[in-house]
Every structure is written in C-alpha cells, then in structure tokens.
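Okay, structure first, notes after.
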Amino acid sequence: MDVETMLNKDNIKNFLRNPLGVIALFVTICYLIAGLVFSIGLDKLNGAEERLPFIWFIIIFPVVIFVVFVLLVCYHHEKLYGPTDFKNEDNFVKLTNAERKAKYLSEATENSKYEEQMPINIEDSEEVIKNEKSNICALAFSAENSAHLAIQKLNTIYNTKFTEEVKIGKYRYDAIGAISDRIYLVECKYIKNNITINRLRDTYQQVLRYKENLLKKNPHIIIVFVLEKYTDAVSKNIKEYYQSIAPDIDIYVFDYNELKTQFKSIE
C-alpha cells in the first residue's frame, strides 16, 4: 500500500474508528514527543537523576503497550474490533475447510438428535449405521447449502453483504455484518423434518452465548430457520415462540425449496 492510499480520507476515517488504530495513534504521538524531547532537550537535562526517568520511559513504554495488547488479544479480543470492521470480510478469520466440515457435520447431527428415535433390530444394526453415516453427510451438505442461500436472502432483505463463516475467538458464526454501525450476528438452522420446542430453546441458548462473546458491541441477533417441509403454520409457531421470549431478535423462516429456486441452487 502506497502513502497516497494510506492517506486516503476513508482509510484515515476507518483507522481512527478502530480501537487498534487509536492505540497506534496514541503510541505514535507519544514517541514523536519523546523523540522531539530527546533530540532537542536532552542536553538541558542535568545528570542521571533527570535523564534516567526519561530513558526508562522510552524503554518501558513499548513493553507495557505490548503486554496490554497481548492481554487484549487473548482475553478481550472483541474490543479490538470497531463497528466498521464488521463490514469488511478481510478483517475476519474465515473458517478453514476442516472447521467448516466440523461445523456442518455438527448441524447434521443436531437434526438427527432431535428426530424421534426408532428401535433398531440387532440384525439390521450394521446396515442402519451405514445409512446413518450417509444421511449425516447428506444433511451436512444441506445445512451448508441452506445457510449460504439464507444469507443471500438476508443480503437482499437488509441491502447489505454479510460475511459468511466467520470465527471470532472460540465461536463460529454463520454470518456477521454491520448496518448503520450496528453489528448483526446471523445463526442459520436447517430443519429436515419436524421442529421441536427443544430445538427452538437450544437455538436461543446458543445465540445468547454468541451474543455474550461480543457483549460490549451490543450485537443484534438474526435467527434463520430453513425448512425442508415448510408450512405457514410452522412458520407462525416459530415466530410466536421467539416473540414471546425474545422480541428483540429478528426471526426468519424460509422454505428451502423456494430458496433453491430463487438463487438457482442445485442440490
């Protein structure tokens, strides 16, 4: 990046809105003042008693800044993000292929967990296990594809571009973005068959943990359910449930087949 680009008005504005930018500016100003004093006024400082505090400041100050920075990164990493950072996907750690696979396999297992369990005959157990593995892989693909399509739909609804599959700290988010300097977190759930009250409750608890991770940013939560077997009645029940316990959360219920048609996805 050349100097002209760095001094671009928008870059400077974003730099000053970012907590790291403010820290860097503060450190730069301190060192400019220290350098000025050191080059001009050192000869006016008489003896070690006057010079040593100044020299120790120059030595210790960067160490203190480094320690504070490490503590922020390790324990309060969310404070290093400014609102405008959430608009640029280059500012985030994207999920690796292994992390993406683990995430959507977990989603697929969730679908299986909430399904009604049927008794298995011993003679058929090996075949059932093989089919179960195949089903989970298929569900994992559907979970990933449905999340991608749902976020495309949200992009049109909110007239923005959410950054998909983001990792911040120990949490993995389906999508994250910023609208009018307000941070938005998106959680997508693919529902193969019927949805249960336990699934709704567990999803709510999950997004509360996500919100706590970025509590200082006061994020707005969006939960999206993508139904394989969509009905207006089920959609209404889901929205009424969340309206009763968390009216500040945006709830969307999409028909998976309609999303595939709208965004020309082939599964």
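None of the figures in this text is laboratory data; all of them are computed from the coordinates on show. Remember, it's a predicted structure, so these values are computed and weren't measured experimentally. Ideal geometry is used to build each Cβ from the backbone, glycine not excepted, and the neighbour counts take in all protein chains shown.
Would you mind finding the one in Glu165, Glu187, Glu144 that is surrounded by 15 or more Cβ atoms within 10 Å (Cβ to Cβ), over 20 Å from Leu208 (Cα atoms) and either touching a Leu at 6+ places or on another chain (Cβ under 9 Å) or not polar (S, T, N, Q) (or both)?
Selected residue: Glu144, the only one of Glu165, Glu187, Glu144 that is surrounded by 15 or more Cβ atoms within 10 Å (Cβ to Cβ), over 20 Å from Leu208 (Cα atoms) and either touching a Leu at 6+ places or on another chain (Cβ under 9 Å) or not polar (S, T, N, Q) (or both).
Can you find a residue that is charged (D, E, K, R) and either under 23 Å from the mean Cα position of the chain (by Cα) or closer than 18 Å to Ile151 by Cβ (or both) anywhere in the stretch 229-245?
no
Within the stretch 212-243, which residues are charged (D, E, K, R) and surrounded by 17 or more Cβ atoms within 10 Å (Cβ to Cβ)?
Lys217
Taking interchain pairs and intrachain pairs at least six residues apart, which have beta carbon atoms under 6 angstrom, with the first residue in the stretch 236-264 and more than 27 Å from Phe141 (Cβ to Cβ) and the second of a type in the set (Ser, Thr, Tyr)?
Sorted first by the residue in the stretch 236-264, then by its partner, the pairs are Ile249/Tyr242.
All but one of (1) touching a residue at least 12 places away in the same chain (Cβ under 8 Å); (2) exposed (fewer than 14 other Cβ atoms within 10 Å of the Cβ) hold for Thr156, so report the exception by its number.
(1)
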